[in-house]
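Just below is one structure, and these are the notes that go with it.
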Amino acid sequence: MSVAKGWISADLFAEWFQHFIMCIPSHRSVVLFMDSHASHVTPKILSKASENNIHLVTYHSHTTHLLQLLDADVYKSLNEGWRQEVEKFLTEHPGAKPNHYDFNGLLASAYHGAFQSMTVCNSFAKSSLFPSIRDSVADEAISLSLLSLKARIQIVTDVESKCLFRV
């Protein structure tokens, strides 16, 4: 899966989403948190999500940096664990540099340290998604930006002027 310019497209996301569906348990509901990029919220994706008992929860525009579950604790712990594993390797093997044969072992140790149940639970809490800690993210951060609000007003005005529907 790749795109020439590195940007996500509806087709690329649909390909990833199909892979995601194949990797999740089919016998229970799944909640998927994601940003509200246009490529993620297409009729095809919404239909596939419904068919597969996947509940989509999208973040407000320009808030993913505040609500990213993995960034809140997990990746921070992974980065710290990686640093510690490399330092340990360098101490135990003076003058040697880790190579591609060492990589998996170093990463596995860091990964298992970072992806602990409590670390993931803390990430949910810090992002204020669950349990809901209302004060974790400032109201200003998740309110509509002036730019988004102007764009929304412009879209409604354009739609009303063409009489497609009224909001």
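The values are calculated or read from the model by the stated rules, or taken from the named source; none is laboratory data. Small disclaimer: the values here were computed from a predicted structure and weren't measured. Neighbour counts are summed over all protein chains in view; Cβ atoms, including those assigned to glycine, are modelled from backbone coordinates with ideal geometry.
Among what's in segment 25-55 and is in contact with a His (Cβ under 8 Å, 6 or more places away or on another chain) and under 21 Å from LEU12 (Cβ atoms), pick the residue that is modelled with the highest pLDDT. For segment 25-55, the residue satisfying everything is ALA49.
Going through (1) assigned to a loop (DSSP other than H, G, I, E, B); (2) within 27 Å of PHE124 (Cα to Cα); (3) of a type outside the set (S, T, N, Q) one by one, GLY6 falls short only on (2). If I filter segment 20-48 down to residues being more than 16 Å from the chain's Cα centre (by Cα) and without any contact (Cβ under 8 Å) to a residue 24 or more places away in the chain, which single residue comes out as surrounded by the most Cβ atoms within 10 Å (Cβ to Cβ)? Step by step, filter segment 20-48, then rank; the result is LEU46.
I'm trying to understand the selection: among the residues of segment 86-104, which are assigned to a helix (DSSP H, G or I), touching a helix residue (DSSP H, G or I) at 6+ places or on another chain (Cβ under 8 Å) and either modelled with pLDDT under 95 or basic (Lys, Arg) (or both)?
Residues of segment 86-104 assigned to a helix (DSSP H, G or I): 86-92, 100-104.
After this cut, where a residue has to be touching a helix residue (DSSP H, G or I) at 6+ places or on another chain (Cβ under 8 Å) as well, the list is 86, 89, 102.
Matches in segment 86-104: ASP102 only.
Only one entry of SER143, SER127 meets the criterion of being among the polar types (S, T, N, Q), modelled with pLDDT under 60 and within 24 Å of the chain's Cα centre (by Cα), and that entry is SER143.
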